[in-house]
1. Can you tell me which of VAL332, VAL324, VAL202 moves the most in a GNM of the chain? Springs connect C-alpha atoms under 10 Å apart.
2. Restricting to Cα atoms and excluding each atom paired with itself, what does the Kirkwood estimate give for the stretch 1-154 in Å?
3. Using Cβ counts within 10 Å as a stand-in for footprinting exposure, how do VAL231, VAL175 rank, fewest first?
4. Within a 10 angstrom radius of the beta carbon, how do MET322, MET40 rank from fewest other beta carbons to most?
5. Find the all-direction average of the projected area of the Cα convex hull for the stretch 201-273, expressing the result in square nanometres with one decimal place.
6. With 10 angstrom as the radius, rank TRP348, TRP27 by how many other C-beta atoms surround their C-beta, starting from the fewest.
7. Kirkwood hydrodynamic radius, computed over distinct alpha-carbon pairs, for the stretch 24-98: how many Å, to one decimal?
8. Sort the following peptides by mean Cβ neighbour count (other Cβ atoms within 10 Å, averaged over residues), highest first: 62-68, 119-125.
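Rule-based calculations on the coordinates, nothing more; no lab input. This one's a predicted model, so the numbers in the text were calculated from it and none came from an experiment. Note: ideal-geometry Cβ built from the backbone for every residue, glycine included; neighbour counts use all protein chains shown.
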Amino acid sequence: MIVRVPDYFGEFSCIAGKCTDSCCLGWEIDIDEDSYEYYMSLSGEIGERLRRDMYETEDGGHGIRTNECGRCMMLNDDNLCDLYIAAGEESLSEVCTDFPRFGIEYRNVDQKCLSLACEEVCRILFSKTEPVKFVEQELFGDSDDDQGVTEEEAAFFEKAQSELIAILQDRTKPVSQRVDEYIAKANEYQKELNGSDVEKHVDWLSFNDFSFDSFDIRFGIVNDMELLRQVWQDYKDDMRNILIEADYEKRMKEYMESADYRENDIEQLLVYFTFRYIMNAIYDSNIIVYAYLCVMFTMIVRDMNAVRFFKNGGKFSIEDQMEVARIFSKEVEHSEGNVEAAKEEIIWG
Ligand code: SF4
């Protein structure tokens, strides 16, 4: 089995009680089948508490209740997990053990990324000033399930992913130029897949378009998404109030021409999204749609950055970047429905 990860993967370790956010805040906590069975047999006070706080989900699965503030019922006042303390890490359900690691598997490859929904991952990623590299490690034990992907298909998409990331990391050019080349390259790959000369252009989605109309479409997409946490509603209200039609372009340029606009942050975002989404095309052959999705997500974070910049009175620190990216990721990336809604707009919009 080959495991492919970004070079900072090994730097991550959960900061637990020191985390100001915690992944147990504001999300549904799913319980996998094996954990459910284990929890049903777990003895002692922690077992009784768990059984009291578990519920059946609409699809017949199980989850752990959250309180009125959206905190997992196992999370104590020190932001530590009582289940972990009482029964150890192996007692945690899959979703708690895996987070913030997410990935895609195909043939003999397990490609994993660290999600920006985690505070510590944001700290690690935005502290990087060099282009991120991706490393592979061969582990014992091959998968005998090729997931319906041929060797040639795997090689095609791996090459596409590498080339797209290399374009984004070419620091001899401004990011705006890199993004144009990135979309052009994704279109080349898509044409090869489709066997046609037709290129896909999403007219309202150009990285260098600072028109209010373009922002308004992006905003409409996020505004219609499922709301997971109040902080997202507050952010959307700020976006509506600060990025107004009369001077959207002027405000974006003011932020982007300031000393606090860092191309490095934008590159890291684009590369992060690309590594997270492009390989999904191996299962639906929509490489250009994922490329646009990565650009759109980066543009939304850039809009959010500008909002924070003006709220701060013309300042935007690296800590602001870490927080803004986390708010976006936690709300948008971690709802399958929200990511699907964004994809649909790109496909049909
Ligand atoms: S968000 Fe990250 S650092 Fe915070 S508790 Fe969860 S895994 Fe740990």
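1. VAL202
2. 17.7
3. By the 10 Å Cβ count, ascending, the order reads VAL231, VAL175.
4. Lowest count first: MET40, MET322.
5. Its average projected convex-hull area is 6.0 nm².
6. Ascending number of Cβ neighbours within 10 Å: TRP348, TRP27.
7. Values: mean 1/r = 0.0808 Å⁻¹.
Every distinct Cα pair counted, the radius reaches 12.4 Å.
8. 119-125, 62-68
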